[in-house]
Amino acid sequence: MDEFAALVCPSCGGQVQVEKNLEKIFCTHCGTQLVMKKGADGLLVPFVARDLDASARLKETETALIMMETLKGQVRELEEQVHAVRVAFWTQVMQGGVKKNFAGHVYSETDAIRRVNQYTRQLAGISAIEFRRVQLANDDLLAPEKLARSSIIALTTPDELIAFYQHLVQPQGYDQTAYRLAAALHPLNALAPDLREKKEKLKQVAGELFEEYVRN
């Protein structure tokens with residue numbers, strides 16, 4: 001009898017004889033499938049299999065929720081870094097282009113502004129920066145911080161800014177101005193793919209959680 005243990009079925013309360021080396025049995029009284037686990041004292045303890053499955057699913061859900069929160073935090077952090085790059089880029093673009101005097105703002109089209117406008121005209125047929133208010137609504141939007149939050153045709157998303165970076169570093173026309181603008185945008189080459197990957201992973205985890213919710 002040393003090879004057997006007398007246990008109580010957690011489902012119906014009936015006593016069952018269990019071989020100590022078995023991992024799963026069916027209660028001879030109610031037919032419930034039981035899973036054998038060793039307790040802290042080293043003795044066998046029977047658990048209802050479906051309860052264990054539910055517990056495992058709950059643990060998976062909790063893990064997925066923790067992963068979602070982690071990914072959300074990483075996405076927020078990366079988006080802040082991307083925004084900082086945008087601010088640095090527009091600071092370089094607008095440097096020397098806007099000055100204040102007693103009469104208000106004085107505008108001048110610098111080489112950096114010309115580079116940006118030539119590029120956006122090629123892609124979208126419109127200059128990104130027009131001092132006569134063709135695209136920008138008011139003078140305040142000429143501040144680099146405001147520009148970084150604005151929707152600028154062909155120069156808004158990280159991918160669009162990376163495309164401009166690749167345009168700037170072409171051998172033809174690569175001068176001091178192009179170097180300054182490209183240096184400001186360079187961090188996006190690492191940040192943008194990482195942000196895209198984190199967003200995709202977050203979308204995947206959220207989708208899996210929704211499917212699990214629908215199934216149950």
Original post:
How much length is gained on full extension from D159 to R180, taking 0.36 nm per residue of separation minus their Cα-Cα distance?
Top reply: 5.7 nm
Original post:
Roughly speaking, what is the stretch gain from Q33 to V8, that is 0.36 nm per residue apart minus the C-alpha to C-alpha distance, in nm to one decimal?
Top reply: 7.7 nm
Original post:
For the residues T28, T177, what sequence is obtained by ranking on other C-beta atoms within 10 Å, fewest first?
Top reply: T28, T177
**OP:** Go through the range 176-191 residue by residue and turn each phi into a ³J(HN,Hα) via Karplus (6.51, -1.76, 1.60, θ = phi - 60°); whole Hz please, and just put x for glycine and proline.
**Re:** 4, 5, 4, 4, 4, 5, 5, 4, 5, 8, 3, x, 5, 4, 9, 5
Original post:
Amide H to amide H under 5 Å from G14: which residues, 5+ apart in sequence or cross-chain, H placed 1.01 Å off N in plane?
Top reply: C9
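Each value in this text was obtained by applying a stated rule to the coordinates, not by laboratory testing. Source: prediction; values computed, not measured. Note: ideal-geometry Cβ built from the backbone for every residue, glycine included; neighbour counts use all protein chains shown.
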